[in-house]
1. Inside region 94-111, can you point out the residues that are under 16 Å from LEU247 (Cβ atoms) and either in contact (Cβ under 8 Å) with a residue 60 or more places away in the chain or in contact with a His (Cβ under 9 Å, 6 or more places away or on another chain) (or both)?
2. When you go through (1) touching a strand residue (DSSP E or B) at 6+ places or on another chain (Cβ under 6 Å); (2) within 25 Å of ASN123 (Cα to Cα); (3) away from ligand 2 (no atom under 16 Å from the Cβ) one by one for ALA183, which number turns out not to apply?
3. Quickly run through region 14-47 and pick out the residues that are out of contact with any Lys or Arg (no Cβ under 9 Å at 6 or more places or on another chain), away from ligand 1 (no atom under 14 Å from the Cβ) and of a type in the set (Val, Ile, Thr).
4. Looking only at region 14-33, decide whether some residue is within 16 Å of ligand 2 (Cβ to nearest atom) and modelled with pLDDT of 95 or more.
5. Could you list all residues from region 206-224 that are away from ligand 2 (no atom under 16 Å from the Cβ) and either part of a loop (DSSP other than H, G, I, E, B) or on the phi > 0 side of the Ramachandran plot (or both)?
6. Going through region 139-162 one residue at a time, which ones are more than 13 Å from VAL119 (Cα to Cα) and away from ligand 1 (no atom under 16 Å from the Cβ)?
7. Go through region 61-78 and give me each residue that's assigned to a loop (DSSP other than H, G, I, E, B), more than 13 Å from ligand 2 (Cβ to nearest atom) and touching a Phe, Trp or Tyr at 6+ places or on another chain (Cβ under 8 Å).
8. With THR180, THR159, THR194, THR199 as the choices, which residue is touching a helix residue (DSSP H, G or I) at 6+ places or on another chain (Cβ under 8 Å) and without any contact (Cβ under 8 Å) to a residue 40 or more places away in the chain?
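The values are calculated or read from the model by the stated rules, or taken from the named source; none is laboratory data. Everything numeric here is computed off the predicted structure, so don't read it as measured data. A quick note on method: Cβ atoms are made from the backbone with ideal geometry, for glycine too, and the neighbour counts reach across all protein chains shown.
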Amino acid sequence: MNILFIGDIVGRSGRRAVRLFLNKIIEEYDISLVIANGENSAGGFGITKKVADELFGYGIDCLTMGNHTWDNKDVFNFIDKERRIIRPLNYFPDNPGYGWTVIEKNSLKIAVVNLIGQVYMNNYNSPYHIFKKKISDIKNNSDIIIVDFHAEATGEKLTFAHSVDGKVAAVVGTHTHVQTSDAQILPGGTAYITDAGLTGAVNSILGMKVEKMVEKYITQLPVNYEVATGSVKLEGVLIKVDKNKALGKQIMEIKKNN
Ligand SMILES: [Fe+2]
Ligand SMILES: [Fe+2]
């Protein structure tokens, strides 16, 4: 089974990239399931119902989130009902929404799990402890497991991936919006990349307008970030999964731009 994981979609430009390139990628690589990180999909901060529906309409099957999950308050109106959107599993247990979900495709049940890191991030619960607690439940309800590990530090992402190597089909890193060149199959068979990349404006800083970011760093005063415009790109990874072993067979970086 071929799964596409799309890196953080930033604002209108990111959504335009999905609209322009996703169908072609699905055809070219015979993709059966599309997962994307949507934490920045509404104006760069969070997600709304309208934006989520737009992305599902383009062919995305499941949206993962991250530290920007709650930025747009509209999320509270639907995250408890919309099982195709997940927020980090290691948030406080009473938080709204779900940390993992199961999507059915080609008679297979694919569990998608969202976790968030602890290094240079907010004070989240341990992803290791919660994963250990939930893994048998997730396994009992699915055939294949894909993890979005949303974190800043490269070492933290790779360390988590090694800790679950052989137990899940893939660990895909998100959050830094810069695609890394380390896509690999770990010794136990888990597909891995440190960061899937950015889906948004090419001429940008992590998807946002260059001038605003430069101003912020020079003045150290608060500025209103704006989503960058112009040419757009879609970045992500193609993961080929051996459905019998429930492990990764191949992982490769995907990049399309106009
Ligand atoms: Fe992001
Ligand atoms: Fe993030």
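1. Within region 94-111, LEU108, ILE110 qualify.
2. Of (1) touching a strand residue (DSSP E or B) at 6+ places or on another chain (Cβ under 6 Å); (2) within 25 Å of ASN123 (Cα to Cα); (3) away from ligand 2 (no atom under 16 Å from the Cβ), only one is false for ALA183: (2).
3. VAL18, ILE26, ILE31, VAL34, ILE35, listed by residue number.
4. Yes; the residues of region 14-33 include at least one that is within 16 Å of ligand 2 (Cβ to nearest atom) and modelled with pLDDT of 95 or more.
5. Correct list: LYS209, GLN220, LEU221, PRO222, VAL223, ASN224.
6. LYS139, ASN140, ASN141, SER142, ASP143, ILE144, ILE145, ILE146, VAL147, ALA161, HIS162 - these are the residues of region 139-162 that are more than 13 Å from VAL119 (Cα to Cα) and away from ligand 1 (no atom under 16 Å from the Cβ).
7. Selection gives ASN72 alone.
8. Sole residue among the options that is touching a helix residue (DSSP H, G or I) at 6+ places or on another chain (Cβ under 8 Å) and without any contact (Cβ under 8 Å) to a residue 40 or more places away in the chain: THR180.
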